[in-house]
Amino acid sequence: MSDASYSERPIEGEASLGDYFALLKPRVMSLVVFTALVGLLAAPISVHPIVAFASILFVAIGAGASGALNMWWDADIDQVMSRTAKRPIPAGKVTPDEAMTLGVALSGFSVIMLALSANVLAAGLLAFTIFFYAVVYSMWLKRSTPQNIVIGGAAGAFPPVIGWVIATGSMSVEAWLMFALIFVWTPPHFWALALFMKSDYDDAGVPMLTVTHGRKTTRNHILAYTVILAFLAIGAGFTSIGGPVYLAAAVTLNILFLRGAWKIWRRDETAALADDYAVEKSFFRLSLLYLFLHFGAILAEAALRPFGLGGWG
Amino acid sequence: MSLRAEHELHQRRRGRNVGVGLMLASFVVLILALTVVKVTRDNFQLPEIEEAQ
């Protein structure tokens, strides 16, 4: 036997640790960690740092597990869309069975560990979130209704509620306001993306609003949801999670967001094509900053509280 | 000419094994820390053990 066949070319089917990590959707995980942490710190009861760290870690693992299950189920459409074609399964680095096994194993692990580190209610909410994202959104709604991301957005909205429940062991209006903030933010965020990633969803046959009801209707919906979101976001400023810092941030951000939604609403496809969807792209980028800064402001209010400065006194 | 040249595959496997090892070690440390925090709390109570009849 000679070593003439020796090659430096990567061998398919032997995934690296990074490939498995990519299955957990690290970018989504980072958002989950951030919003769950804000929910935990905004709660009126303080948690031991090690318990908080472990609990948030298990929430992140649960979110990653649901991401792996989503990639397993959606491997066929991920292959078609340019945005997702390089994910580990369509790229041939991880097999669908491996992704499913990892997703199921990490789901069970994260829920049990969260029950042990925090409480059973938080673990139950995490289990429901994984079920909602993997089964209700990925397996059922995503391919059957243009309201897919509206209802499916609930999965992404649960982490701050879980964070709050980790600290308090119960739910409250403030926790559900944080839920509502993400829930109502999700549709305009994704519909803006769908407006400028047109062919992707068309090719994959995903019934996005842009495909089923047209782009003008999508623009109307973006404006409507942004108006509701502005009321919610500013209204939250007058509750116990709000305060002067949050309110100033919320008013500024919502004026900018409403302006963006208004511009999108006024445009037609000819104008959008002429500048390569510049307004829609800038609205999408702003939407990321919007959510980050709202939760950052809630965090700031919580951080100022021990010094007698946070909240409304 | 050596047949012992390390293939990219071996590097990938080693990376995976080291990664899993480090994760397991970190998990052990985390569980130990969690246990210490929970049993040293003021409100910690040992579960009541029923005496044998």
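Condition first: within 19 Å of the chain's Cα centre (by Cα) and surrounded by fewer than 16 Cβ atoms within 10 Å (Cβ to Cβ). Now tell me which residues in the range A:67-83 satisfy that.
Matches in the range A:67-83: A:R83 only.
A:P187: touching a residue at least 24 places away in the same chain (Cβ under 8 Å), under 18 Å from A:R285 (Cβ atoms) and in the same structural domain as A:V279 (by TED's automatic domain parsing), yes or no?
yes
Mind listing whichever residues of the range A:135-160 are surrounded by 24 or more Cβ atoms within 10 Å (Cβ to Cβ), at pLDDT 95 or above and in a helix (DSSP H, G or I)?
Within the range A:135-160, A:P159, A:P160 qualify.
Considering each of B:R16, B:R4, B:R41 in turn, give the residue that is within 7 Å of chain A (Cβ to nearest Cβ) and either open to solvent by 100 Å² or more (accessible area, probe 1.4 Å) or at pLDDT 80 or above (or both).
B:R16
Between residues in the range A:115-142 that are within 14 Å of chain B (Cβ to nearest Cβ) and touching a residue at least 60 places away in the same chain (Cβ under 8 Å) and residues that are part of a helix (DSSP H, G or I) and among the hydroxyl-bearing types (S, T, Y), which pairs lie under 6 Å by C-beta distance while being six or more apart or on different chains?
These pairs meet every condition: A:S117/A:S55; A:A118/A:S55.
If you take just the helices (runs of 4 or more DSSP H) that sit entirely in the range A:197-259, which of them hold at least 3 residues that are open to solvent by 20 Å² or more (accessible area, probe 1.4 Å) and within 20 Å of A:A42 (Cα to Cα)?
Filter on the range A:197-259 gives A:215-236.
I'd like to verify a number: residues in the range A:1-46 that are modelled with pLDDT of 90 or more, part of a loop (DSSP other than H, G, I, E, B) and either open to solvent by 40 Å² or more (accessible area, probe 1.4 Å) or within 13 Å of chain B (Cβ to nearest Cβ) (or both), how many?
Result for the range A:1-46: 4.
Would the range A:91-98 turn up any residue that is of a type in the set (D, E), farther than 17 Å from A:M139 by Cβ and surrounded by 19 or more Cβ atoms within 10 Å (Cβ to Cβ)?
Scanning the range A:91-98 turns up at least one residue that is of a type in the set (D, E), farther than 17 Å from A:M139 by Cβ and surrounded by 19 or more Cβ atoms within 10 Å (Cβ to Cβ).
Looking at A:A300, A:A271 in this structure, which one is part of a helix (DSSP H, G or I) and either in contact (Cβ under 8 Å) with a residue 12 or more places away in the chain or among the β-branched types (V, I, T) (or both)?
So the residue among A:A300, A:A271 that is part of a helix (DSSP H, G or I) and either in contact (Cβ under 8 Å) with a residue 12 or more places away in the chain or among the β-branched types (V, I, T) (or both) is A:A300.
The values are calculated or read from the model by the stated rules, or taken from the named source; none is laboratory data. What you are looking at is a predicted structure, and each value in this text was computed from that prediction instead of being measured. Note that we place each Cβ from the backbone using ideal geometry, even for glycine, and neighbour counts take in every protein chain shown. Remember, those area values only see protein heavy atoms, side chains included, never the ligands or the DNA or RNA. Shrake-Rupley method; radii C 1.70, N 1.55, O 1.52, S 1.80 Å.
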